[in-house]
Amino acid sequence: MPNTGPEPESPPPLRVVAGIILAPAADRILLALRPLHKHLGGLWEFPGGKLEAGEAPAAGLARELAEELAIRVLDCERYLSLDHDYGDRRLHLEAWLVRAFAGEPFGNEGQQIAWVERLHLDRYPMPAANQPIAAALRAAMP
């Protein structure tokens, strides 16, 4: 068998942030519906997106939430991180609690949003990478 050289290295995982946006004075969390034309379209997710090269996670989260929901993050903290392989892409996902924000969230890119009771997160179909976040939130709210 001919030697074809070393196996090509797989690209590094996409660095992604997600915001667990807590409703003021309520046990609800904001979810957004992924557009049908995007990867995993039609599923509900914690809003966020890809980090730009060299971008700090908190800064990327603030940028993404401003773009997607027209809100300004005032207080956030890292909640958990995980790696997930969808087969066609690998992710390193950091989920951040957003405890305070300015503005009224709306689907700035035309996406549907919903305030969901923490204990009912399992009623919304989510991408596999979001499911461990939802499970942790249902188990014990920080």
Checked Leu137, Leu91 against criteria (within 12 Å of the chain's Cα centre (by Cα) and either in contact (Cβ under 8 Å) with a residue 24 or more places away in the chain or closer than 30 Å to Glu9 by Cβ (or both)); the one match is Leu91
Any residue that is within 20 Å of Pro12 (Cβ to Cβ), in contact (Cβ under 8 Å) with a residue 40 or more places away in the chain, surrounded by 15 or more Cβ atoms within 10 Å (Cβ to Cβ) and not aromatic (Phe, Trp, Tyr) - is there at least one of those in the range 96-110?
no
Closer than 19 Å to Ala134 by Cβ, crowded, with 16+ Cβ neighbours inside 10 Å and not hydroxyl-bearing (Ser, Thr, Tyr): does that describe Leu51?
no
Given the criterion among the small types (Gly, Ala, Ser), closer than 15 Å to Val98 by Cβ and surrounded by 12 or more Cβ atoms within 10 Å (Cβ to Cβ), identify the matching residue among Ala62, Ala25.
Ala62
For the list (1) among the hydrophobic types (A, V, I, L, M, F, W, C); (2) in a helix (DSSP H, G or I); (3) farther than 19 Å from Cys76 by Cβ; (4) modelled with pLDDT of 95 or more, I need the number of the one condition that Leu119 fails.
(4)
Residue satisfying all of: in the range 14-31; over 17 Å from Leu61 (Cβ atoms) and not aliphatic (A, V, I, L, M); modelled with the lowest pLDDT among these:
Pro24
Quick one: Ala70 ticks every box in (1) at positive phi; (2) exposed (fewer than 13 other Cβ atoms within 10 Å of the Cβ); (3) not acidic (Asp, Glu) bar one, so which box is it?
(2)
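Can you confirm whether Leu40 is in a strand (DSSP E or B) and over 20 Å from Arg118 (Cβ atoms)?
No.
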Of the residues in the range 122-132 that are outside any loop (DSSP other than H, G, I, E, B) and within 14 Å of the chain's Cα centre (by Cα), the one that is nearest to Leu36 (Cα to Cα) is Gln131
Working only within the range 56-83, note down all residues that are more than 20 Å from Pro35 (Cβ to Cβ), without any contact (Cβ under 8 Å) to a residue 60 or more places away in the chain and not in a helix (DSSP H, G or I).
Ala56, Arg72, Val73, Leu74, Asp75, Cys76, Glu77, Arg78, Leu80, Ser81, Leu82
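The values are calculated or read from the model by the stated rules, or taken from the named source; none is laboratory data. All values derive from a computational prediction rather than experimental measurement. No Cβ is skipped: glycine too gets one built from the backbone with ideal geometry, and neighbour counts run over all protein chains shown.
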